[in-house]
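Only one structure is covered here, and it is reproduced in the block below.
Please treat every number below as a calculation from the coordinates, not as lab data. What you see is a predicted model; the values in this text were computed from it and never measured. For neighbour counting, all protein chains shown are included, and Cβ atoms are generated from backbone atoms with ideal geometry for every residue, glycine included.
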Amino acid sequence: MPENCDPRSLKGMGVTYATSTMGADHTAGFTLGNHLFGLEPTSDPLDGENQLLPSAVAQISAAAFDSTGFCLFLGMASIDKPEVVKYILESMSAFTGLNFNENTFAAFGIRILRMERDFNRRERDFNRRAGFTKEDDRLPEWLTKEALPPHNTVFDVPKETLDEVHNHTGIILKMLGKTKMALKY
């Protein structure tokens, strides 16, 4: 894990590490950009209570963006060059024949995550799925006990928050109602 993305000091990244459909990968929902560049939705990185939305938005955006074939660094370029978002959406529209905008791009990311999550879960067809449960959406226990200087914080995001990250119906309503969903993360 990159040292600047330690889940004890950047708790949104911890939520991503714990709940990402592909394992603890900082590129699956990079919340550091929210704090460095003031991207929406914002939260105090040390606050263990308000990390669901930043992680969910980052994971949705990363899943959609990663599926385009474009390099993820292009998403970072869109932070100070909004026309990059326009070009990506136009490119996706031209390639697929669909009309992509920021909301349909978010829905695209949600659909990808739902398919990945469906494969990972055991509830439907145990013989054809990976068999993960919500207990697999946790970080190692030592991160909840060993404090990280200089703030002496631990990863204290409630398990209920981790369990709620993939409830995309509620998240998409919050996201579209409270934030401007973009390709940035």
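Give the long-range amide H neighbours of F100: residues separated by 5 or more places, or on another chain, with amide H under 5 Å away, using H modelled in the peptide plane at 1.01 Å from N.
Long-range HN contacts for F100: S93.
At each listed q (0.13, 0.19, 0.20 Å⁻¹), what is the log10 of I(q)/I(0) that the Debye formula gives for region 3-178 modelled as equal alpha-carbon point scatterers?
-0.66, -1.29, -1.38
So, in region 3-178, how many Lys pairs have Cα atoms under 25 Å apart, if the pair is 8 or more places apart or on different chains?
14
Given 0.36 nm per residue, what is the gain on full extension from M115 to K134 after removing their alpha carbon distance, in nm?
On the way: separation 19, 0.36 × 19 = 6.84 nm, distance 1.62 nm.
Full extension of this stretch gives 5.2 nm more.
How much net charge surrounds L46 when only the other residues with a Cβ under 13 Å from the Cβ of L46 are counted, with Lys and Arg +1 and Asp and Glu -1? Walk me through the intermediate numbers first.
Numbers: positive: R8, K11; negative: D6, D44, D47, E49, D156.
Result for the neighbourhood of L46: -3.
Let me spell out the model: positive unit charges on the Cβ of Lys and Arg, negative unit charges on the Cβ of Asp and Glu, origin at the Cα centre of region 3-178. What dipole size does that give, in debye rounded to 20? List each step's numbers first, then the result.
On the way: 18 positive and 25 negative charges, 109 e Å.
I would put it at about 520 debye.
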